[in-house]
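> Starting off with a structure, shown below.
The values are calculated or read from the model by the stated rules, or taken from the named source; none is laboratory data. These numbers were taken from a predicted model, which means no experiment stands behind them. So basically every Cβ, Gly included, is an ideal-geometry build from the backbone, and we count neighbours across all protein chains shown.
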Ligand code: 2M8
């Protein structure tokens, strides 16, 4: 069993970023050697802080499927051939560089005739105000390697922004607050499948994958796992995720995460 999970609004509470309600189950999964693999729009720096808090040793996927990071001493599988050594990780880079994403944002802004404000244009304290993150966390959110989040402009149709990004050779995920400009080869689903293949090559039994997410940028992940679980917001599941026949967790955030994962895990064990 492999668990691929989004963080914000999924394993982490949408407002407080707390995972406390899922901590007991996370401990049980750790003891049972079930990998819990973050798949997030967050940066490497942000995810490192998160997994250190949990004392996890795990691969993880950053910036919307742009980077697959595998600790060099991770014991579960062989070093992937295509990976490059970066610091303490083997890295599969599926996305573009941050420099390209920044240039892409300028080009998209020009094409839609609107200024677009990316994290690179914002000071740390401005990111704090927009996100509610503490100073150190906002600094980590700004430490981008692949993608550029920017304030979703009002009065432009999402389809027009997406089309402009596609013309420039990028993928764009429009969110309520931020949108993300992403390299065209990157994706949460593709990145999760890369990791699954590595685990599978080292295992003699077929592996089952669970994927969890709460927003449109998780659709690609949920489409590429065996068991897809949607985490609802306080107001209910996102409409784009609720009509796909996917399981909906009974509660938002980490509490719903824990209930749904525990149930799926028990059923697989039987
Ligand atoms: C941004 O991502 C969230 C979803 O995870 C969003 O688009 O609203 C990212 O920049 C991420 O790095 C940051 O931690 C998060 C904080 O809310 O915002």
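> Just need a number here: residues in the range 63-78 that are surrounded by fewer than 19 Cβ atoms within 10 Å (Cβ to Cβ) and touching a helix residue (DSSP H, G or I) at 6+ places or on another chain (Cβ under 9 Å).
The number of residues fulfilling the criteria is 3.
> Let me ask something else about it. Hey, can you tell me all the residues within the range 14-38 that are farther than 16 Å from residue 230 by Cβ and within 12 Å of the ligand (Cβ to nearest atom)?
Matches in the range 14-38: 15, 16, 17, 38.
> If you don't mind, there's one more thing I want to ask. Considering only the range 153-169, state which residues are within 16 Å of the ligand (Cβ to nearest atom) and surrounded by 18 or more Cβ atoms within 10 Å (Cβ to Cβ).
161, 165
> For the range 54-63, how many residues are more than 10 Å from the ligand (Cβ to nearest atom) and at pLDDT 95 or above?
4
> Right, here's the next one. Give the range 134-151 a look and list any residue that's near the ligand (Cβ under 9 Å from one of its atoms) and either in a helix (DSSP H, G or I) or out of contact with any helix residue (DSSP H, G or I) (no Cβ under 6 Å at 6 or more places or on another chain) (or both), or say none.
137, 138, 140, 141, 142, listed by residue number.
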